[in-house]
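Novice: Can you read through this structure? Questions will come right after.
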Amino acid sequence: MLAFESARLTSDLPSLAGLHEQEGTLRERYAPMHRLLCQDDELFLESQGFKTLARQVRRDHRRCYFDYVTRLAGEVRGARRLRALAMQSREQWSFWVLVELAVLSESSLLYLCWLGLRHATGVNVAASDVQESLDFLLAAPRFRPAEM
C-alpha cells in the first residue's frame, strides 16, 4: 500500500482505477471493526447460560478492535507522511492542507478509540457509528491528489 501511495503521489496524473481498488481493499481489511463492538455474541452466550464466556468474548472482541484501531492509525499517519513528502518534493508545500488532514484524521481515530472505551464500560455502541467513522477515514482527502 505504501509503495502504491508513494508512486501515486509522485506521478503527475494519479490512477483513479488503482485508487478505487486500494480503497476497496482497505474497506475489506477494516470491515470487521464495526462487528467487534456489537453485543449479539455476548447476548446469545448469556441467554445460553455462559456468562463467564460472554465476558471473555467481550474482552477478546475489544482487544481485537483496539488492534485494528492501532493498525489503522499507523496506516493513516504513514499516508499523511507520504503526502507531506510528495508536497515537499514538488515544492508545493501547503501547511494548512496538512493541518486539516491531521486534525480530521486524528479526530476520527480518537472517536474510534472513544467508541472502544464506551464498549469497555458497558455502554452499547452502535455499529453505524464505527462504520461512519471508518467511511470518513477511508474516503478522506489523503487518497486524493494534493490540492495546490
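What follows draws every value from the coordinates through simple rules; no lab data is involved. Note that the structure is a prediction, hence the values are computed from the model and not measured. Reconstructed Cβ throughout: ideal geometry from the backbone, glycine too, with neighbour counts over all protein chains shown.
Novice: Within the range 46-148, which trypsin sites (Lys or Arg not before Pro) sit in a loop by DSSP and count at most 14 neighbouring Cβ atoms inside 10 Å?
Specialist: Working: sites: K51, R55, R58, R59, R62, R63, R71, R77, R80, R81, R83, R90, R118, R142; in loops: R90.
Qualifying residues, ordered by number: R90.
Novice: Please give the peptides 104-110, 26-32 ranked by average Cβ packing (other Cβ atoms within 10 Å per residue), highest first, as a rough proxy for protection.
Specialist: Numbers: 104-110: 16.4, 26-32: 14.1.
Sorting 104-110, 26-32 by mean packing, highest first, produces 104-110, 26-32.
Novice: Taking the Cβ-Cβ separation of L53 and E28 as r and a Förster radius of 30 Å, what is the calculated FRET efficiency to the nearest 0.05?
Specialist: Working: r = 29 Å, r/R0 = 0.97.
The value I calculate is 0.55.
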